[in-house]
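Values quoted throughout were computed directly from the atomic coordinates according to the rules given, and no laboratory measurement underlies them. Predicted, not measured: the structure shown is a model, and the values here were computed from it. All Cβ positions, glycine included, derive from the backbone under ideal geometry; neighbour counts span all protein chains shown.
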Amino acid sequence: MTELKYLNEQYLYEDKGKIEQIGKWEDGRDFVVLVSTIFYPQGGGQPFDQGIIKSEVVSFTVEEVRFKDGVVYHVGKYESGIFTVGDEVNEMVNIERRMLNSRLHSAGHLVDIGLGNLGYKSLVPVKGYHFPDGPYVEYQGEANFPEEFEKQLEEELDRIIATNQGTKAFVVESKSDLSKYCNFIPDYIPEGKPIRVVILFGEKGFPCGGTHVKSSNELVKVYILQVKSKGGNTRVRYELDK
Ligand SMILES: [Zn+2]
């Protein structure tokens, strides 16, 4: 099992590490497994990190990061040399990409908080797509939204962003503790296992393993492109300020 350092140290973009395993990924590219990692593997609607893992003589470009059976695989290519198990290395995450992903992902939470604040609490969140090419959040359930609801929601998000409140993450011991912090607890969360809770902007808590902005003002502006109920679902498409 890889120690997931990004969970407790979300803002660590450079770290020392140790090679635990090397090999070939399913598509033929090389992979590297570390004892602990600061690289975020794709999941929860958030894209993977990219970056570099290097020792004094070896340099490895991390193109893709995947999580499988408790292990984080850094998939990519060697620029020079090849690692040996036990090598001491430096991990360097591409900060620009991570920060964009953290902003897109946090904006998804913000949309959710905004909808809740405006009274649409019966919509059940089922999917988040926090990728740069057309991010959205999707809910089970439909609602009759008023005219120009996009503008109304956007104004609520502006208000929360302007409060400049921070985010905090901590671990609770079991699913039953989640109800203290979170309005919605997904079915897939296992019983009897520690779960990470993230509280954003002094508002709502979410069980979440993603990475987040430090405070709401980092989001600058979130545009609501469309809120649409169709076929039993509601989708909210949003966009960040460029
Ligand atoms: Zn999150």
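At a glance:
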read-out: Inverse mean reciprocal Cα-Cα distance (Kirkwood Rh) of segment 163-240, Å; value: 14.4
read-out: Karplus-derived 3J(HN,Hα), 6.51/-1.76/1.60, for each residue of segment 68-79, Hz, glycine and proline x; value: 9, 6, x, 10, 9, 9, 9, 9, x, 9, 6, 8
read-out: For ASP27, ASP112, ASP177, ASP15, order by how many other beta-carbon atoms lie within 10 Å, fewest first; value: ASP27, ASP177, ASP15, ASP112
read-out: Euclidean distance of C-alpha centroids, segment 184-233 and segment 59-107, integer Å; value: 24
read-out: Computed over segment 3-43: relative contact order in percent, which uses C-alpha pairs under 8 Å that are six or more apart; value: 47
read-out: Segment 90-186, dipole about Cα centre (Lys/Arg Cβ +1, Asp/Glu Cβ -1), debye to the nearest 20; value: 440
read-out: Non-local Lys pairs in segment 78-221, i.e. 8 or more apart or on different chains, that have alpha carbons under 21 Å apart; value: 18
read-out: Interchain or long-range residues, amide H under 5 Å from GLU20's placed H; value: VAL33, LEU34, VAL35, GLY86
read-out: Size of charge dipole - segment 138-215 - debye, nearest 20, with Cβ of Lys, Arg +1 and Asp, Glu -1, no other charges; value: 680
read-out: Rounded if a/c under 1.5, otherwise prolate or oblate - segment 135-197, Cα gyration tensor axes; value: oblate
read-out: Cα centre as origin, Lys/Arg/Asp/Glu Cβ charges: the chain dipole, Debye; value: 360
read-out: Extended-chain gain in nm, criterion 0.36 nm per residue less alpha-carbon gap, PHE170 and TYR78; value: 29.5 nm
read-out: Helix-derived mean residue ellipticity, 222 nm - over the chain, DSSP H n ≥ 4, -39500 (n - 2.57), to 500; value: -5500 deg cm²/dmol
read-out: For VAL71, distant residues with modelled amide H under 5 Å away; value: THR2
read-out: Kirkwood hydrodynamic radius over Cα pairs of segment 21-136, then Stokes diffusion coefficient at 25 °C and 0.890 mPa s, in µm²/s; value: 155
read-out: Normalised convex hull volume, segment 113-153, alpha-carbon set, Å³ per residue; value: 86
read-out: Cα extents of the chain along the three principal axes, largest first (Å); value: 61, 41, 36
read-out: 3J(HN,Hα) from dihedral phi, segment 13-25, Karplus parametrisation 6.51/-1.76/1.60, rounded to Hz, x for glycine, proline; value: 10, 9, 7, 8, x, 9, 6, 9, 7, 10, x, 9, 6
read-out: D (Stokes-Einstein, µm²/s), Kirkwood Cα radius, segment 55-117, 0.890 mPa s at 25 °C; value: 168
